[in-house]
Amino acid sequence: ELLSKNEFNKVALFAPFNGILLDGHKIGGELVMPGEKVYELIDLSSLKIFGYINENEILNVSSENEVEVSILGEKVNGKIDYVSPISDPNTKTFEIVVRVENKKFRYKDGLSSMISIKKGEVLAHKISPSILALGNNGELGVKVISEGNKVLFKEIQVIEDTSEYMLVTGLNEKEKIIIVGQQYVSNGEEVNFN
């Protein structure tokens, strides 16, 4: 009350942004030494969520992708803010940062979350890992029955792999996949099936 506005502006501290003041801050009239922390302010209006993508999934991931983040079972839309140009040499994963708007400060800092990135739509088949076969050069695929009841090896790409099933691409919309005895038939061999 005894300082002029000009003098007050010389000694007052102004926050660079609106936020929440954390505990452990200095109070009015308390002595502050040069370099000493006066207060810590956090902005929770938008959250940065850090995640990692393995090298098999990094292609075609950019700030253009649609992102859905699950926080405490709730789904919110996000935007990719950063994709690391290099992988971690130990884990072969790439760091990504997703920004999520935090309306009414609903979510707190440090919560776990799950990031889902939409990379486009593809035709995929849900198959059991037990029907997989290897091609002549070690490529992963399945054996199908083609025209003329001949065995045909088809190479596949794995989209998702769980302990119960796999989602794969590389097959036609409808395929006659050999699910029993595929190890006993060879590419080009004619078979009878029911």
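The values are calculated or read from the model by the stated rules, or taken from the named source; none is laboratory data. All of these numbers come straight from a predicted model, not from anything done at the bench. Backbone-built Cβ (ideal geometry, glycine too); neighbour counts: all protein chains shown. Just so you know, the surface numbers come from the protein's heavy atoms only, side chains and all, with ligands and any DNA or RNA stripped out. Shrake-Rupley method; radii C 1.70, N 1.55, O 1.52, S 1.80 Å.
Could you state the accessible area per residue of the chain in Å², with a 1.4 Å probe and every protein chain left in place?
On a per-residue basis, the chain sits at 75 Å².
Within the range 148-194, list the trypsin sites (Lys or Arg not before Pro) lying in a DSSP loop whose Cβ has at most 15 other Cβ atoms in a 10 Å radius.
K174, K176
For S70 paired with E30, estimate the spin-label separation in nm (one decimal), with each label point 7 Å from Cα along the Cα-to-Cβ line.
About 4.2 nm, to one decimal.
For the range 63-79, what does the Karplus curve 6.51 cos²θ - 1.76 cosθ + 1.60, with θ = phi - 60°, yield as ³J(HN,Hα) per residue in whole Hz, taken in order and with x for Gly and Pro?
Going residue by residue, I get 5, 7, 5, 6, 10, 10, 10, 9, 10, 6, x, 9, 9, 10, 7, x, 9 Hz, with x marking Gly and Pro.
How large is Rg over Rh for the range 59-150, taking Rg from the Cα atoms and Rh as the Kirkwood inverse mean of 1/r across Cα pairs?
Ratio of gyration radius to Kirkwood radius for the range 59-150: 1.14.
Ignoring ligands, DNA and RNA, please state the percent of accessible area on the chain from carbon and sulfur, probe 1.4 Å.
50
Measure off 7 Å from each Cα along the Cα-to-Cβ vector at V180 and L123, then give the distance between these two points in nanometres to one decimal.
About 2.8 nm separates the two model spin labels.
Considering only DSSP states other than H, G, I, E and B, which chymotrypsin sites (Phe, Trp or Tyr not before Pro) in the range 130-194 qualify as loop sites with at most 11 other Cβ atoms within 10 Å?
F193
Starting from the amide H of Y52, placed 1.01 Å from N in the peptide plane, find each other amide H under 5 Å away whose residue is 5 or more places distant or on another chain.
Long-range HN contacts for Y52: I96.
In nm, what is the difference between 0.36 nm times the number of residues separating L22 and Y39 and their Cα-Cα distance?
In short, 5.4 nm is gained.
Taking a label point 7 Å from the Cα of I159 along the Cα→Cβ vector, which residues of the range 111-145 have an amide N closer than 12 Å to it?
From the range 111-145, the list is 118-127.
Kindly write out, for the range 165-176 in residue order, the coupling ³J(HN,Hα) from the Karplus curve 6.51 cos²θ - 1.76 cosθ + 1.60 (θ = phi - 60°), rounded to whole Hz, with x marking Gly and Pro.
Per-residue couplings from phi come out as 7, 10, 9, 10, 10, x, 9, 5, 4, 10, 9, 9 Hz.
Given K5/K108; K92/K154; K10/K79; K119/K143; K26/K108; K48/K119, which pairs have Cα atoms separated by over 31 Å?
Pairs exceeding the cut-off: K5/K108; K10/K79.
Using the Karplus equation 6.51 cos²θ - 1.76 cosθ + 1.60 (θ = phi - 60°), what ³J(HN,Hα) coupling, rounded to whole Hz, does each residue of the range 126-133 give in order, writing x for Gly and Pro?
9, 10, 7, x, 5, 9, 5, 9
Using only alpha-carbon positions, what ratio does the radius of gyration of the chain give when scaled by 2.2 N^0.38 Å?
Expressed relative to 2.2 N^0.38 Å, the Cα Rg reads 1.73.
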